[in-house]
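The values are calculated or read from the model by the stated rules, or taken from the named source; none is laboratory data. Keep in mind that this is a model prediction, so the values were computed, not measured. Counting neighbours? That spans all protein chains shown, and the Cβs are built from the backbone with ideal geometry, glycine included.
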Amino acid sequence: MKGTAGPPPGRPAPSGAVPLADRLIAAAYTVGWAVVRYVPERLAAWFFRALADWLWRRRGTSVRRLEANLARVVGGDPGDPAVRALSRAGMRSYFRYWMESFRFTAYTRERILDGTRITGAEFIFGNLARGRGVVVALPHMGNYDLAGAWLVHMGHRFTTVAERLKPESLFERFVAYRERLGMEVLPLTARDGGSAMAFGTLAQRLREGRPVCLPAERDLTASGVEVEFFGARTRMAAGPAALAVQTGAALLPAVLWFEGDGWGIRVYEEIPVPAEGTREEKVGVMTQAVAAVFEKGIAEHPEDWHMLQRLWLDDLEPRAGAAS
């Protein structure tokens, strides 16, 4: 990697070497987990808001991408003052997520249960009480980890997947953090980039009548399902619908947001498996229905949608060699 310490120019990095940038990122997260939990909450919240505002004023790539995404949600232009103000709130929300993640050990069971306001919990608990698994499909909103901790504290340990991060030590740290919350975390891919066979394990958990929670609104791989989302095409994860079709589990979309000092959750009614069509067609119809629910939830709480990456297909960089 150019501009980093390592082997002299022109020589390959040693096998297994971790680039300096990746080591610095991992170190920053390590410091965050080690220090922020000891800082008074008001001071930590002030610091993370100030950091969010500083990055927002710099208007780097991630902020511009957030503004472009939010502009689609509200039907404006990325440069509109209203969209700029919304992106500032969005950056504050995103950094609140990190502040809470680093401070998680300071949150008691009572604080999480008392601070969470949920609508539609009966859709989860009713199915589980009957021995039927549930797939909770979520967008990247609010605080996924605290919502997961709420579900665990309500007596339901669940299974999820995690994208493999670089360096490996950072990925292992995230897995350990979420396992401390009571989640079972499966890697999305193996160390070598191949399949980690997570789908089979998730299906097994659902057949055992257990819950599975999966982020679902972004999957730009060839296996993603193409859907209409805020008036344009994107690809969403096929996994939640495919698991429901294969196992008979209930597919329940949910949205998350911050509410004062606490957290809001809304679980929507089950998306049924269509009576007709091929497996692929059923998955497509159900994933489009999930997208429609996500549209509603994100439109109601756009500042808590943490989508700082490209999402829509017409925003993607053209592939090298693609026809013009």
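Residue count for the stretch 54-73 under the criterion of being outside any helix (DSSP H, G or I) and closer than 21 Å to residue 314 by Cα: the result is 1. Please enumerate the residues belonging to the stretch 39-52 that are of a type outside the set (Lys, Arg) and loosely packed, with under 14 Cβ neighbours inside 10 Å. Selection gives 40, 43, 46, 50.
Looking only at the stretch 180-200, residues that are more than 20 Å from the chain's Cα centre (by Cα) and at pLDDT 85 or above come to 1 in all.
Going by the conditions given, is residue 298 part of a strand (DSSP E or B) and among the hydrophobic types (A, V, I, L, M, F, W, C)? Judged against the criteria, residue 298 is not a match. Evaluation of residue 76 against the conditions (1) in contact (Cβ under 8 Å) with a residue 12 or more places away in the chain; (2) farther than 29 Å from residue 252 by Cβ shows that the sole unmet condition is (1). Assessment of the stretch 230-240 against the conditions (outside any helix (DSSP H, G or I) and over 25 Å from residue 86 (Cα atoms)) yields at least one matching residue. Could you tell me whether the stretch 143-152 includes any residue that is more than 20 Å from residue 179 (Cα to Cα), surrounded by 18 or more Cβ atoms within 10 Å (Cβ to Cβ) and modelled with pLDDT of 95 or more? For the stretch 143-152, residues more than 20 Å from residue 179 (Cα to Cα), surrounded by 18 or more Cβ atoms within 10 Å (Cβ to Cβ) and modelled with pLDDT of 95 or more: absent. Taking the conditions exactly as written (within 17 Å of residue 97 (Cβ to Cβ), assigned by TED's automatic domain parsing to the domain that holds residue 292, at pLDDT below 90 and charged (D, E, K, R)), does residue 168 satisfy them or not? When the stated conditions are applied, residue 168 does not pass them. Going by the structure shown, is residue 55 under 22 Å from the mean Cα position of the chain (by Cα), surrounded by fewer than 19 Cβ atoms within 10 Å (Cβ to Cβ) and in contact (Cβ under 8 Å) with a residue 12 or more places away in the chain? Against the criterion (under 22 Å from the mean Cα position of the chain (by Cα), surrounded by fewer than 19 Cβ atoms within 10 Å (Cβ to Cβ) and in contact (Cβ under 8 Å) with a residue 12 or more places away in the chain), residue 55 qualifies.
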